[in-house]
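The values are calculated or read from the model by the stated rules, or taken from the named source; none is laboratory data. Everything quoted here is computed from the prediction, not taken from an experiment. Glycine also receives a Cβ, built like all others from the backbone with ideal geometry; neighbour counts cover every protein chain displayed.
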Amino acid sequence: MTRRQINLYSPRSRTPVSPRQTRSRPLLHRARLVIPITQPPIEDGAVVVADGRILDVGPFPLIRRQWPEASARDHDETALLPTLVNGHAHLDLSALAGQIHSKKGMAEWIRSLLAAREQLDEDDLQKARALARDSLRAFGTGIVGDITSSEIHPGGKFNEVVITQTFVEVFGLHCQSLEVAIDQLPPGTRKSLANNQENVSLAAHAPYTTSATLLRQVKEWGTARDKIVSIHAAESEEEILFLNSGRGPLRDLLEERGHEPDRWEVPGCGTITYLDRLGFLDSHTLCVHAVQLSEEELPILRRSGAGVCLCPRSNLFIGHGLPPVQQLLEAQIPCSIGTDSLASNTDLNLFEEMTVLMEECSIHPDAVLTMATLNGARNLGMASQYGSLEKGKRWLAIRVAATDSEGIVAAGRQGALEWVS
Ligand SMILES: [Zn+2]
C-alpha cells in the first residue's frame with residue numbers, strides 16, 4: 001500500500017498533505033554526505049525533491065521509509081550541498097582578466113583599470129561576460145551578486161542557471177540627486193529600476209566617490225522598496241586616510257580625474273562610522289570588503305545588522321591585506337564571500353576564496369561553507385528560497401567528490417563537482 005492510499009483511507013493520518021500536492025513524482029537523492037548547512041552534515045543522507053522544491057531532508061534509511069513512492073538516485077561517495085553564492089562580482093570587468101597590475105594599492109589599481117577598460121569594445125565585454133558566467137557555473141556557483149552600471153539583460157538574469165542579483169552602481173562625489181545619477185545609466189537599466197524589477201537594486205560605489213546626499217538617497221531608495229543596497233566599504237588604508245584627512249593617493253586620483261576632491265566635506269572618521277552617521281547601515285545593507293575596521297567600528301557594524309561580503313583574494317591582489325575575519329565572525333556579523341572582478345582576481349572559483357579563509361585566517365571549513373551558501377543568500381536577500389537544503393526551499397544543488405567539509409573545499413578547487421538536477 002502506498003502512502004497516497006494511506007492518506008486517502010486514513011483521515012487521521014499525521015502525514016503532511018502539502019508535499020503530496022506536487023505534480024511530479026518525488027525524487028529521492030541519496031549521497032554519502034548531505035550538507036544541509038542549517039543542520040550538521042548527515043552521513044548517508046537523503047533529500048526528497050519535486051517540482052524544483054525540497055520536500056524532505058534527513059538520514060537515508062528514515063527518508064526512504066517515509067517516501068516509499070519516490071524514485072531514487074544514488075550519488076554514491078559524494079557530498080550534496082546547496083549551490084554556492086558569489087556575493088560580489090563585476091562580470092562587466094571580466095575582459096580585464098590578466099591586464100591589471102597587482103599589489104600597487106587602490107589608487108594605482110583604479111588608474112590601471114580605467115586605462116585598460118578604455119581599450120575594450122562591446123564585443124570583448126560580451127564575450128568575456130559569457131565566459132565568466134560559464135566559469136561561475138563550472139565551479140558550483142548558481143547565484144551571483146553582480147555590480148554593473150551597463151545595460152541589464154532582460155529578466156535580470158544572464159541565463160537560467162546563474163541567478164543574478166544585480167546591483168546598479170551609482171556614484172558622484174558632488175552629485176546631489178539620485179535622479180540625476182540614474183539618468184546617466186543606459187535606458188534598459190533605468191527602466192528596470194523604474195519598474196522595480198525583482199533582483200535589481202542599487203549600489204553606491206564607495207564613500208570616496210559618492211556624496212553624502214547620494215549615499216542617503218540610495219539608502220532611502222532601498223528602504224522604500226525593501227531592497228538590499230550595497231557599497232564597497234573600508235577596503236583600503238588609502239580610503240580611510242582620505243575619509244579622515246581628505247589627503248593621500250585617492251585624493252590625487254580624484255583630482256586627476258577632475259572630481260575636485262578639495263570641495264568635498266571631509267568626514268574625519270573611518271568608513272563604518274561615516275556610513276553609520278549617514279543612516280546607511282541596517283540589515284538591508286551589504287558592505288563589501290570590510291578590511292579596515294577600527295575596534296570601535298566592529299560593534300557599530302554588529303548593531304546595524306548589516307551584512308559583509310569578504311573578497312579575500314581581491315584584497316591580496318590589490319595589496320590591502322586580509323579582513324579581520326575571526327573578529328567579524330565572533331561579532332556574529334553575517335559574512336558572505338565574493339570573488340570581486342577578474343580585474344583583481346585570477347578566476348571566479350569561490351572554493352579558492354574559501355581556501356584562503358581556511359589557510360590564512362584559520363576559519364573552519366564548515367564555517368566557510370556556510371559563508372559561501374546561506375550567508376551569501378542572506379546578504380543578497382534570497383535566504384527564503386536558497387542557501388541551504390531545507391524543506392520548502394528551491395532545489396539548486398551540486399555534488400562534490402568528497403566525504404567531509406575540508407575535502408569538499410579541496411575537491412571544489414579542482415572543479416571535481418557536478419550539478420544535480
Ligand atoms: Zn567590487
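With Leu62, Leu81 as the choices, which residue is surrounded by 19 or more Cβ atoms within 10 Å (Cβ to Cβ), of a type outside the set (Ser, Thr, Tyr) and within 14 Å of Arg30 (Cα to Cα)? Lay out the reasoning, then the answer.
Working: Leu62 fails: surrounded by 19 or more Cβ atoms within 10 Å (Cβ to Cβ).
Only one candidate qualifies: Leu81.
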Glu239 vs. criteria part of a helix (DSSP H, G or I), assigned by TED's automatic domain parsing to the domain that holds Ala130 and within 15 Å of the ligand (Cβ to nearest atom): yes
Quick check on segment 341-367: of everything there that is touching a Lys or Arg at 6+ places or on another chain (Cβ under 8 Å) and not polar (S, T, N, Q), which residue is farthest from the ligand (Cβ to nearest atom)? Phe351
Scan His232, His205 and give me the residue that is crowded, with 23+ Cβ neighbours inside 10 Å and within 22 Å of Gly376 (Cα to Cα). His232
Number of the condition not met by Asp92 [criteria: (1) within 16 Å of the ligand (Cβ to nearest atom); (2) touching a Lys or Arg at 6+ places or on another chain (Cβ under 9 Å); (3) modelled with pLDDT of 95 or more]: (3)
Need pairs with beta-carbon distance below 8 Å; first residue closer than 21 Å to Thr148 by Cβ and within segment 89-118, second aromatic (Phe, Trp, Tyr) and within 16 Å of the ligand (Cβ to nearest atom); sequence gap 6+ or separate chains. Ile100/Trp109
Residue check: is Leu202 more than 14 Å from Leu275 (Cβ to Cβ), among the aliphatic types (A, V, I, L, M) and part of a helix (DSSP H, G or I)? no
Could you tell me which residue of segment 340-351 is nearest to Asn379 (Cα to Cα), considering only residues that are touching a Ser or Thr at 6+ places or on another chain (Cβ under 8 Å) and either of a type in the set (A, V, I, L, M, F, W, C) or part of a helix (DSSP H, G or I) (or both)? Leu350
Subset of segment 383-421 [in contact with a Ser or Thr (Cβ under 7 Å, 6 or more places away or on another chain), surrounded by fewer than 21 Cβ atoms within 10 Å (Cβ to Cβ), part of a loop (DSSP other than H, G, I, E, B) and not hydrophobic (A, V, I, L, M, F, W, C)]: Ser388, Glu390
Looking at Leu316, Leu342, which one is surrounded by fewer than 24 Cβ atoms within 10 Å (Cβ to Cβ) and assigned by TED's automatic domain parsing to the domain that holds Ser236? Leu316
Within segment 259-278, restricting attention to residues that are in a helix (DSSP H, G or I) and closer than 19 Å to Glu296 by Cβ, which residue is farthest from the chain's Cα centre (by Cα)? Arg277
